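The values are calculated or read from the model by the stated rules, or taken from the named source; none is laboratory data. Note that the structure is a prediction, hence the values are computed from the model and not measured. Every residue, glycine among them, receives a Cβ derived from its backbone with ideal geometry; neighbour counts consider all protein chains shown.
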Amino acid sequence: MEKVLLEDSMPIRPDDGAFLSEVEGLSGVQVSACFHCEKCTSGCPVSYAMDLPPNLLIRHIQLGQRDKVLGSETIWVCASCITCSTRCPNDIDLAHVMDALRRMSMQQGTVSLSRVRAFHEEFMKAIRTHGRVHEIEMIARYKIKTGTLLEDMELGRELFARGRIRLIPERIKGRREVRDIVA
């Protein structure tokens with residue numbers, strides 16, 4: 001049976017539900033409970049920069065559009081501010097779903113923005129190493145990885161001069177516990 005397509009090439013009939021189940025299993029969030037009230041999108045401070053607004057991203061998950069969802073810029077643009085999660089009348093933690101989608105995208109190798117992927121990798125590496133972000137180390141690794149070593153040099157100098165960036169990482173208690181959480 002051939003699938004009928006809407007204008008934006010979204011199938012009317014969902015797939016077998018495998019992608020939806022995978023997202024719900026990984027995130028622990030019942031995405032299928034969304035009835036598309038759009039409160040997540042209307043409250044999102046960065047929805048203007050997304051290729052798929054949050055409510056539409058959820059719809060694509062429900063319809064099994066794995067490639068469209070994992071290849072979207074939305075999951076990387078999301079600021080994880082949890083505004084969407086707090087506004088949802090069905091208690092869908094969309095910020096947690098976005099995190100799960102980022103992990104899936106990284107594992108599948110479908111990250112749409114290479115600089116975003118590099119930043120995410122270096123951020124997580126810093127958390128695993130120090131239990132928190134050590135800005136100079138993370139930024140240096142990111143700049144080397146992306147070949148943008150000389151970009152933002154003046155900003156970096158200013159931040160350092162104002163004491164916003166430290167040369168030596170701060171030691172934190174519970175570093176091992178943070179590493180376990182990240183793993």
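Of note:
- Close contacts from region 70-95, counting a first residue that is not assigned by TED's automatic domain parsing to the domain that holds HIS60 and surrounded by fewer than 21 Cβ atoms within 10 Å (Cβ to Cβ) and a second that is at pLDDT 90 or above and not small (Gly, Ala, Ser), with Cβ to Cβ under 6 Å and a gap of 6+ residues or different chains, come to none at all.
- Taking the conditions (1) in contact (Cβ under 8 Å) with a residue 40 or more places away in the chain; (2) at positive phi; (3) surrounded by fewer than 16 Cβ atoms within 10 Å (Cβ to Cβ) in turn, GLY147 satisfies each one other than (1).
- Helices (runs of 4 or more DSSP H) wholly inside region 84-183 containing at least 2 residues that are modelled with pLDDT under 80: 114-130, 175-182
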